Amino acid sequence: MQKLFAGLSRKSGLVPGTMVHVAGERHDAPVHMTVFSYDADHVEERKVASAEEVAAYRGKRAVTWVNVDGVHRTEVIEQLGRVFELHHLLLEDVAHTDQRPKLEDFESCTYLVLRMLYERSVDAQDDHEFAITSEQVSMIVGPDFVLTFEEDPGDVFEPVRRRLREGKGRVRKLGADYLAYVLIDVIVDNYFAVLERFGDEVDELESELLDDPRADHLQEIRSMKRAMVEMRRAVWPLRDALATLLRGDVKLFKKATLIYVRDAYDHAMRVADAVEVVREMVEGMLEVYMSNVSNRMNQVMKVLTVIATVFIPLTFIVGVYGMNFDNMPELHWRYGYWIVWGVMAVVGVALLSYFWRKKWF
């Protein structure tokens, strides 16, 4: 189980703005940086190894997009901060990878935090063991640049890169604020894909619970509850961030771009509503599981009670004739043994018939 507040103590007592990688894994993997420099007629894509190489692209064309895979090397973030003249508190937030989605407007740029979601299988042998991995994406939007910081390689931005390379759509014709919208929109649209696959898992598990609830289903329900908490954590604060953007107080986002942002906000609202629906379904599955287990236990107890009730009078009869008295009248009957068996059989059948008519089993 992941620690909810892992790494936060590393910042204790430090000066505000101190760069500390919080909540992510500590590793020595290299940081990968990719630059897209483009305008309406030209686009240049290149992988770079240092912030100095990135500086050569600033102002070269209309828009520069720098995507950074890996925020564990804080010196790289500091170097990019110097190149693009970013506030030190902003850079501190980039290195803190366990933040809720938010929007902060600085004098020279706008900072957004989003959560990118992936589904993963907890146990390859069980298709229902489903969990969601949440990765922080820090986005810094300037007048002519967009910086995106990801925790690990691999993202959902490939459709955007393809549109830039092929010159499709409006993205090459409009500014950095429109590129930021497109990246936000791709992240939000991926929520739909994750939620749809998660919903299929929920439906299938719900059918199994109704047909044949098993003990391992409880663990599956718990993993789904954790996944929904992760998804809710990513979606709900994002609505507030986009709502802040739509108020028009962020100067770097033009009114023409805010029209498109409104569409992304609408998608985020729909995802938030869907998350609540699926969350209630998962909560309901726990109740269904407990109810079915309880009903099964009640059925077992009913059968055992019927059996015990049938044997109560039989035990009484056997107990009476098991007493060691010399003058008991039936002890010397020639057919006494079979008569007692017959009486017990009649009593047992009579009780079972009575229970059957009462529909007690």
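Some observations on this one:
- Single condition L103 does not satisfy, out of (1) outside any helix (DSSP H, G or I); (2) of a type outside the set (K, R); (3) modelled with pLDDT under 85: (3)
- R161 meets each of the listed conditions (1) over 22 Å from the mean Cα position of the chain (by Cα); (2) crowded, with 20+ Cβ neighbours inside 10 Å apart from (2).
- Each residue in region 25-47 was checked for being touching a strand residue (DSSP E or B) at 6+ places or on another chain (Cβ under 8 Å) and modelled with pLDDT under 85, and 1 pass.
- Of the residues in region 341-358, at least one is within 60 Å of the chain's Cα centre (by Cα), loosely packed, with under 11 Cβ neighbours inside 10 Å and among the charged types (D, E, K, R).
Results for (1) touching a Pro at 6+ places or on another chain (Cβ under 6 Å); (2) in the same structural domain as I187 (by TED's automatic domain parsing); (3) more than 30 Å from E135 (Cβ to Cβ), shown as yes or no for each residue.
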| site | (1), (2), (3) |
| --- | --- |
| E206 | no, yes, no |
| L210 | no, yes, yes |
| E230 | no, yes, no |
| D240 | no, yes, no |
| L252 | no, yes, no |
| T257 | no, yes, no |
| R279 | no, yes, no |
| L314 | no, no, yes |
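- Checking each residue in region 50-64 for being in contact with a strand residue (DSSP E or B) (Cβ under 7 Å, 6 or more places away or on another chain), more than 12 Å from R82 (Cβ to Cβ) and either of a type in the set (D, E, K, R) or not assigned by TED's automatic domain parsing to the domain that holds V35 (or both) picks out K60, R61.
- Single residue of region 56-72 satisfying the filter (farther than 23 Å from D93 by Cα and not charged (D, E, K, R)) that is surrounded by the most Cβ atoms within 10 Å (Cβ to Cβ): V63
- Some residue of region 170-178 being assigned by TED's automatic domain parsing to the domain that holds S108, on the phi > 0 side of the Ramachandran plot, without any contact (Cβ under 8 Å) to a residue 40 or more places away in the chain and not β-branched (V, I, T): no
- The listed residue being in a helix (DSSP H, G or I) and under 28 Å from S108 (Cα atoms), out of A274, A227, A241: A241
- Any hit, region 74-85, residues being in the same structural domain as T148 (by TED's automatic domain parsing), closer than 30 Å to V229 by Cα, outside any helix (DSSP H, G or I) and not charged (D, E, K, R): no
- Condition met for L314 (in contact with a Gly (Cβ under 8 Å, 6 or more places away or on another chain) and part of a helix (DSSP H, G or I)): yes
- Looking across L183, L195, L179, one residue alone is under 30 Å from N292 (Cα atoms) and either hydroxyl-bearing (S, T, Y) or in a helix (DSSP H, G or I) (or both). It is L195.
The values are calculated or read from the model by the stated rules, or taken from the named source; none is laboratory data. What you are looking at is a predicted structure, and each value in this text was computed from that prediction instead of being measured. Here Cβ is always computed from backbone atoms with ideal geometry, including for glycine, and neighbour counts include all displayed protein chains.
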